[in-house]
Amino acid sequence: MPKRSEQLRILMKKKIYIETYGCQMNVVDSEVIFSILGKEGYERTANMSDANVILANTCSVRDNAEQRIWGRLEVFNQEKESRSGVVVGIVGCMAERLKDKLIQTGKVDIVAGPDAYRSLPEMLREVAPERPKINVLLSREENYSDIIPVRMDKNGVSAFVTIMRGCNNVCSYCVVPYTRGAERSRDPKTILTEVRDVIEKGYKEVTLLGQNVDSYHWKTDAEDIDFPDLLEMVARLNPSLRVRFATNHPKDISDKLIEAMARQKNICHHIHLPVQSGSNRLLEKMRRRYTHEWYLERVRKIREVMPDCGITTDVIAGFCSETDEDHQLTLSIFREAGFDYAYMFQYSERPGTLAARNYPDDVPADVKTRRLNEIIALQGQLSLESNQRDVGKTFEVLVEGPSKRNQEELCGRTGSDKMCVFPGKGHVAGDYVSVKVTSCTSATLIGKIV
Ligand code: SAH
Ligand code: SF4
Ligand code: F3S
């Protein structure tokens, strides 16, 4: 163990390195952490061996997300043993869920849950060998509203703004309500201030983030603002700012939202609408509070009002007691909805959730894998068909930068959130261009500027 004086000397250097895992909300949270620690004189480094504070901002949503962190902890520990005065912290959802287990390893000095980031400076001041610091208190108010995140994205085109934290739904498979606490909406004034800041910094696209943005609600004696209201307020700030949002719970997708999207030209026509299963029996068991038929009615309404709207989804294969018949219903809702893209997962039991307490995780691993692969194959076909329908059409695309595969070409997204590649000499990230689609794969539209 290094001497305390030596540890203090190294802490004076104040260089911080963060690895971020999990959802986009964690990415913004890491930006909030940089902002909080930046005010204390900490500098950011992208090089772990240059840092005296090493943090991992973690995710607990599936077991494999947590397994990765146990692996990283070994690497951080080697770093700690090779140099003196290195502080290792685990923050975020896994810190919330596994605080004691993390501390017991003896490899972690700081454990901070998602609502405890304001206390990081103090924790870093007080931490000492053999004296780890823990703060996993969840809050009913914390929104980090007054903190402008230090944006870490690479291209300076697309920014993310958190509009609410936590979740009040208790989907039976999901750990998020336990790791992130109760739902709370952020004061719209602070959201608008942050979006104005993003516009001033030259960003062209903003995505409003929350676990269930449709249940955003700000109510005071003077104000009563729901998500469609907020979305329009943001969109009206600047007509050339593209506005997106994620993620949505199907039960809360309102006609008012769909109409606001259709009305404001700069709200992108894309809705992420996690379906999770096509079987009413399982939807009930998952506590999703909608049915197969109701979900499809929402899809029909979206397409009726906005025929060009991209619809994407999340799905879980092999939830407790899932039969082949249930699985067939999931495949059929995929066909009926004709999703443009999907994030597809095998069910992973999370300790402490309603499902873990009440239902055995009884679908064998090989069956889960087979069903997941069938969904992936079907979605590949649906994505291809969806892209083929766009061949011959022209879209406004926001340039993100050079294409990953071919540096000579550019890439960017359509409003419906499809990736597009095209030759684009003279254009740079942040430009809007009109692209005519000439061909496609299941993952990408290929086109030319017109
Ligand atoms: N708030 C969002 C989802 C957050 S988690 C919503 O309600 O849709 C992102 C996705 O992870 C979920 O949509 C679900 O498909 C998946 N997921 C959540 N818990 C899971 C679990 N225990 N096993 C497998 N996938 C899970
Ligand atoms: Fe989890 Fe359901 Fe909340 Fe989404 S809405 S975060 S799936 S509990
Ligand atoms: Fe994971 Fe927490 Fe996000 S569990 S998905 S990082 S809210």
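The values are calculated or read from the model by the stated rules, or taken from the named source; none is laboratory data. Owing to the predicted nature of the structure, the values given are computational and were not obtained by experimental measurement. Please note: Cβ atoms are built from the backbone with ideal geometry, for glycine as well, and neighbour counts cover all protein chains shown.
Of all residues in segment 225-241, none are within 16 Å of the chain's Cα centre (by Cα), away from ligand 2 (no atom under 16 Å from the Cβ) and at pLDDT 95 or above. Condition first: within 23 Å of I36 (Cα to Cα) and modelled with pLDDT of 95 or more. Can you find one or more residues in segment 66-74 that meet it? Among the residues of segment 66-74, not one is within 23 Å of I36 (Cα to Cα) and modelled with pLDDT of 95 or more, which makes the answer no. As a summary of the residue check, F34 satisfies the conditions (1) out of contact with any Lys or Arg (no Cβ under 8 Å at 6 or more places or on another chain); (2) away from ligand 3 (no atom under 15 Å from the Cβ); (3) part of a helix (DSSP H, G or I) except for the one numbered (1). In segment 10-39, the residues that are in contact (Cβ under 8 Å) with a residue 24 or more places away in the chain form Cβ pairs under 7 Å with partners that are within 16 Å of ligand 2 (Cβ to nearest atom) and assigned to a helix (DSSP H, G or I), at six or more places apart or across chains, as follows: T20/N26; Y21/A65; G22/A65; G22/C93. Could you go through segment 102-112 and let me know if any residue there is free of Cβ contacts under 8 Å to residues at least 12 places away in the same chain, away from ligand 2 (no atom under 16 Å from the Cβ) and farther than 18 Å from A246 by Cβ. Yes, the conditions are met somewhere in segment 102-112.
E205 meets each of the listed conditions (1) under 23 Å from S139 (Cβ atoms); (2) more than 14 Å from ligand 3 (Cβ to nearest atom) apart from (1).
Please verify whether segment 363-377 includes one or more residues that are closer than 30 Å to E349 by Cα and assigned to a loop (DSSP other than H, G, I, E, B).
yes
If you take the residues in segment 275-288 that are buried (at least 19 other Cβ atoms within 10 Å of the Cβ) and within 22 Å of A246 (Cβ to Cβ), which one is nearest to ligand 1 (Cβ to nearest atom)?
Filtering first and then ranking leaves Q276.
Could you tell me whether M123 is under 16 Å from V32 (Cβ atoms) and within 16 Å of ligand 2 (Cβ to nearest atom)? When the stated conditions are applied, M123 does not pass them.
Would you call R389 buried (at least 18 other Cβ atoms within 10 Å of the Cβ) and either polar (S, T, N, Q) or assigned to a helix (DSSP H, G or I) (or both)? Here the answer is no, as R389 does not meet what is asked.
Condition test on E183, is it surrounded by fewer than 21 Cβ atoms within 10 Å (Cβ to Cβ), out of contact with any helix residue (DSSP H, G or I) (no Cβ under 8 Å at 6 or more places or on another chain) and among the acidic types (D, E)? Here the answer is no, as E183 does not meet what is asked. Looking only at residues in segment 152-200 that are under 30 Å from C411 (Cα atoms) and in a strand (DSSP E or B), the one that is nearest to ligand 1 (Cβ to nearest atom) is T162.
Could you say which residue among S240, S254 is out of contact with any His (no Cβ under 8 Å at 6 or more places or on another chain) and either within 16 Å of ligand 3 (Cβ to nearest atom) or free of Cβ contacts under 8 Å to residues at least 60 places away in the same chain (or both)? S254 is the lone residue from the list that is out of contact with any His (no Cβ under 8 Å at 6 or more places or on another chain) and either within 16 Å of ligand 3 (Cβ to nearest atom) or free of Cβ contacts under 8 Å to residues at least 60 places away in the same chain (or both). For E19, are the conditions met, namely being out of contact with any Cys (no Cβ under 8 Å at 6 or more places or on another chain) and at pLDDT below 95? No, not satisfied.
For every residue, the table says whether it meets (1) over 28 Å from C59 (Cα atoms); (2) more than 11 Å from ligand 2 (Cβ to nearest atom); (3) surrounded by fewer than 22 Cβ atoms within 10 Å (Cβ to Cβ).
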residue	(1), (2), (3)
D153	no, yes, yes
M164	no, yes, no
P177	no, no, yes
T193	yes, yes, yes
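Can you pull out the residues in segment 70-97 that are closer than 30 Å to A356 by Cα and buried (at least 23 other Cβ atoms within 10 Å of the Cβ)? G89, I90, V91, G92, C93, M94, A95, E96 - these are the residues of segment 70-97 that are closer than 30 Å to A356 by Cα and buried (at least 23 other Cβ atoms within 10 Å of the Cβ).
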